[in-house]
Structure formats: structure tokens, C-alpha cells
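The values are calculated or read from the model by the stated rules, or taken from the named source; none is laboratory data. The shown structure was predicted, so the numbers you read here are calculated from the model rather than taken from an experiment. Cβ placement follows ideal geometry from the backbone for every residue including glycine, while neighbour counts extend to all protein chains displayed. Just the protein is used for accessible areas: all its heavy atoms, side chains included, with ligands, DNA and RNA removed. Shrake-Rupley method; radii C 1.70, N 1.55, O 1.52, S 1.80 Å.
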Amino acid sequence: APRPPPPFHSDDYVNFLRVITPDNMQDYVRQLQRFNVGEDCPVFDGLFEFCQLYTSGSIGGAGRLNENRADVVINWAGGLHHAKKAEASGFCYINDCVLAILELLKKHERVLYIDIDIHHGDGVEEAFYTTNRVMTVSFHKFGEYFPGTGDVLDIGYADGKNYSINFPLNDGMDDDSFRSVFRPVIGKVMERFAPGAVVLQCGADSLSGDRLGCFNLSIGGHADCVEFVRSFNVPTLVLGGGGYTLRNVPRCWTYETAVMLGEDVKDELPFNDYFEYFGPDYRLHLPVSNMENLNSPEYLERTKVQLLEILGEIEPVPGQQIQTGQVDSQLNPRPMAMEVDEPTAEEATDPDKRVTTEQTGQKEHPAELAP
């Protein structure tokens, strides 16, 4: 029998996605409302098969990493990061990112999730908000923008406090600005959290010219994030995500596939069945716009310092992981309160002279007399 998927989505919700079709929608009015399906998350023919395809790619990719059959797995169909336990959101129905992370947690003590989609990775953050085994790091547009979450002060709760990292950004984010915050923050995360595996969501709606986005990243600037994460040589699952200017999304993910493989690709596109989509220049890389960058260097520096301070507060992982066997244990076993014998005055003055316990008034521990 096939293994059941890791538990995240409610059975009611998954069963609803399995049965709903455009033809029977009128019979499920209450459930459509309850599960937030119909507006941003439309019902269409083949909806459940679509969910199965992109989700199995991510779970299967995590399985390959767990079995050491690959050091990088790419699933550009995945990255649907808004879906909640029992609710669709932002054209995300099943949260493959969460299910892939749950799969990776079967082997790895700690998993890092990084999100460079222009929208906040709210579904993934919410799923792991109270655990220190998963750190979520999201760089996103914030303020009057979907989904409205991801404030810099949202840092996690209980055991997960300081394990949710959010970098809220304004319109016009360009390559240099993005690099100036992404590299220091992710560098610090790698140093303090030391993940056994990484899930990297590469939504292409943070590119310049996206129909819904408002950043000004080039394909090279977007891919610089991918290249930096790859440089740590940690098993990595690379996922897609948003992207609403159709001709730019394949450009971005083609180039990022090449970056992950360490291959050079020509800027001039080879002829293919979709060649006319890429006119009039027929090139891989695109110029960015002249839009104003509303992220001042002062704001970026201030927010970066704030996040580095939060990361400085988490318990650093030791070089060798200690397993305590405790279900609720922290990353490191809690220190024990031990009584340490300080040298007495007699011992300090003449270290060669034996001082008895009677002289010092110290009691012998029963274990000292054990055979």
C-alpha cells in the first residue's frame, strides 16, 4: 500500500478538493466558502490531479534528498506557499512546501525554508511558527499587499521564537539592494541554524516587469540568491512559485536551473516551439525598468541589523549534534545545575598536601564508595 502523505491538510479539505468540479460547484456552496475556493483559487477541470502532480514532485524530491540520491532537486511546478491546513489561498490549494519540509524532517534535525517570491510565504511560516526545527526566512513586499502578513516583528512563538525571519520590503527593490540584505541574513542563518537541508522557493513575481509584482530585479539578481544558497553545499530542494508575466518566468527558471548545475547558457535563445513568445529580442536576460527604489539604504540597513540581532539570540548549533532522546528537547540539552568544588584555602596554598573531607566539612557522595 502507498505511504499516506505526512499529516498537514485536514481530511475534510483534501476530500473536498478531490470531489469538486466546475459541474458540481452549485452543490458545495457552503464548502466553497469554508475552504476559500472560488475567487483567487478557482475550481477548474483537473484541479485535484494538478495538486497531486506538483505536490508529488516536491515530496518525491525531498525523498531523493533524504536517500542521498541527489544533492539538489528542482520542482518548478511546486512552491505553492500560501495554502493553509484547511483553506486555499492565493491560487495555492495544497502546500507542497510544507509537505516537503515534513518529509525532510524524517531525516534532518533542522530544515531551512527560504522564500524570494514577492509575496510573503505565510502558509509555510504558519505551519512551523511554534517549532525550532524549521526556520522560515521570507523577503517580500509588505504594506497594502497580499497576503498582508510578514512584519519584521513576527518572529515565531514558544519553541519557535526567533525561528521566523521576515524582511519586509517596499516597491522598486533592485539587484544591489536585494544582494545587500539577502547575503548577510542568509549567511548568518547558515552560521547559527546550520540546517541539514534547505527548501528554496523561487517565485518569479519579484522580477522587474511582473504583472502583479512591483520589484525591479533582473534575472541575474534573482538567480544570485540561488547561487548563494547553493554555495553552502547543503542538500537543497528548489521550488517555483509565483510569476505573472508569462514570457519571463521560463527565462528566470531556465537560467536558475543552469546556475544550480554550474552550467553557462547563451543569452541568445535557441529556436523552439514557443520562440515567438520571447520577441522582439529573443534573449534570455531582460533589461530592468527605471522605476524608483523606495527602499532607502538606511531602511535596509536598519532592518538587516534588527534581523541579525534576532538571529544572534537563537541557540547556536554545536559542531557535533547531541541527541537527547527527549521528545520536547531543544536543539541542545539544557545545562544541568552541577555543584563544582572550588579549591579550599589549604589546597590553594599547598597543592601537594592531601586535605581530608573531615577537614573541609564536605560530604562524600555515596557513589564514591561504590565498589
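Output yes when any residue across the stretch 71-80 is closer than 15 Å to residue 126 by Cα, among the hydrophobic types (A, V, I, L, M, F, W, C) and part of a loop (DSSP other than H, G, I, E, B), and no when none is. Taking every residue of the stretch 71-80 in turn, at least one turns out to be closer than 15 Å to residue 126 by Cα, among the hydrophobic types (A, V, I, L, M, F, W, C) and part of a loop (DSSP other than H, G, I, E, B). Against the conditions (1) within 14 Å of the chain's Cα centre (by Cα); (2) not β-branched (Val, Ile, Thr); (3) not in a loop (DSSP other than H, G, I, E, B), where does residue 176 fall short? Just the number, please. Of the numbered conditions (1) within 14 Å of the chain's Cα centre (by Cα); (2) not β-branched (Val, Ile, Thr); (3) not in a loop (DSSP other than H, G, I, E, B), the odd one out for residue 176 is (1). Is it the case, given these coordinates, that residue 276 is part of a loop (DSSP other than H, G, I, E, B), modelled with pLDDT of 95 or more and open to solvent by 70 Å² or more (accessible area, probe 1.4 Å)? No, not satisfied. Of the listed requirements (1) assigned to a helix (DSSP H, G or I); (2) open to solvent by 30 Å² or more (accessible area, probe 1.4 Å), residue 205 misses just one: (2). Residues that are of a type outside the set (Ser, Thr, Tyr), at pLDDT 95 or above, over 26 Å from residue 224 (Cβ atoms) and open to solvent by less than 10 Å² (accessible area, probe 1.4 Å) occur at least once in the stretch 157-167. Of the residues making up the stretch 103-115, those that are open to solvent by 20 Å² or more (accessible area, probe 1.4 Å), in contact with a strand residue (DSSP E or B) (Cβ under 9 Å, 6 or more places away or on another chain) and in contact (Cβ under 8 Å) with a residue 40 or more places away in the chain number 3.
In summary, residue 32 fulfils each of the numbered conditions (1) part of a helix (DSSP H, G or I); (2) open to solvent by 40 Å² or more (accessible area, probe 1.4 Å); (3) more than 22 Å from residue 100 (Cβ to Cβ) with the single exception of condition (2).
The rows are residues; the columns are (1) surrounded by fewer than 19 Cβ atoms within 10 Å (Cβ to Cβ); (2) within 22 Å of residue 213 (Cα to Cα); (3) of a type in the set (Val, Ile, Thr); (4) over 12 Å from the mean Cα position of the chain (by Cα).
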| residue | (1), (2), (3), (4) |
| --- | --- |
| 94 | no, no, yes, yes |
| 117 | no, yes, no, no |
| 121 | no, yes, no, no |
| 124 | no, yes, yes, no |
| 130 | yes, no, yes, yes |
| 136 | no, yes, yes, no |
| 151 | yes, yes, no, yes |
